[in-house]
Amino acid sequence: MSLPARVRVTRPPLPLAPALKAAAARLCPDAPVNTLTAAALAIAGGSVIGAHLRWDGGEHASVETGWRGRGIEEALAAALA
């Protein structure tokens, strides 16, 4: 799987740093970002453009509209597999 050149997927340590927590909450507003058990974030040009978050009892993934369909969703899921 090949991502766009300037996109990278990372698994940051938990709890998320404040800026990453804010970005995750923006992308997945219903996720309990204070009680995550795992997180994978897609970053492009210094901005978080995608998130796959997991917590006890659920998970949610979201990618900004302009970045969808470029393999980012799959890369985020694979990072948490």
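The values are calculated or read from the model by the stated rules, or taken from the named source; none is laboratory data. On a predicted model such as this, the values are computed, not experimentally measured, just so you know. Heads up, the Cβs are rebuilt from the backbone with ideal geometry, glycines too, and the neighbour counts pull from every protein chain shown. Note: areas computed on protein heavy atoms with side chains; ligands, DNA, RNA excluded. Shrake-Rupley method; radii C 1.70, N 1.55, O 1.52, S 1.80 Å.
For the chain, the solvent-accessible area works out to 55 Å² per residue, with a probe of 1.4 Å and every protein chain left in place. Per-residue ellipticity at 222 nm, computed for the chain from helices alone with -39500 (n - 2.57) per DSSP H run of at least four residues, works out to -7000 deg cm²/dmol. Taking the charge dipole of the chain about its Cα centre, with +1 at Lys and Arg Cβ atoms and -1 at Asp and Glu Cβ atoms, the residue from I72, P13, L3 reaching farthest to the positive side is L3.
Please state the charge dipole magnitude for the chain, taken about the Cα centre, from unit charges on C-beta atoms (+1 on K and R, -1 on D and E), reported in debye and rounded to the nearest 20.
Values: 8 positive and 6 negative charges, 60 e Å.
The calculated dipole for the chain is roughly 300 debye.
The slack in the chain from R11 to W55, taken as 0.36 nm per residue of separation less the alpha-carbon distance, amounts to 14.4 nm. These residues, S47, S2, go from largest to smallest accessible area, 1.4 Å probe, as S2, S47. Rolling a 1.4 Å probe over the protein heavy atoms leaves W67 with an accessible area of roughly 30 Å². Computed from backbone phi, the HN-Hα couplings of region 14-20 come to 9, x, 5, 4, x, 5, 6 Hz, rounded to whole numbers (Karplus: 6.51 cos²θ - 1.76 cosθ + 1.60, θ = phi - 60°; Gly and Pro given as x).
Computed 3J(HN,Hα) for region 66-73, one whole-Hz value per residue from the Karplus formula 6.51 cos²θ - 1.76 cosθ + 1.60 where θ = phi - 60°, is x, 9, 5, x, 10, x, 5, 4, glycine and proline marked x. When the surface is traced with a 1.4 Å probe over the full set of protein chains, T37 keeps roughly 70 Å² accessible.
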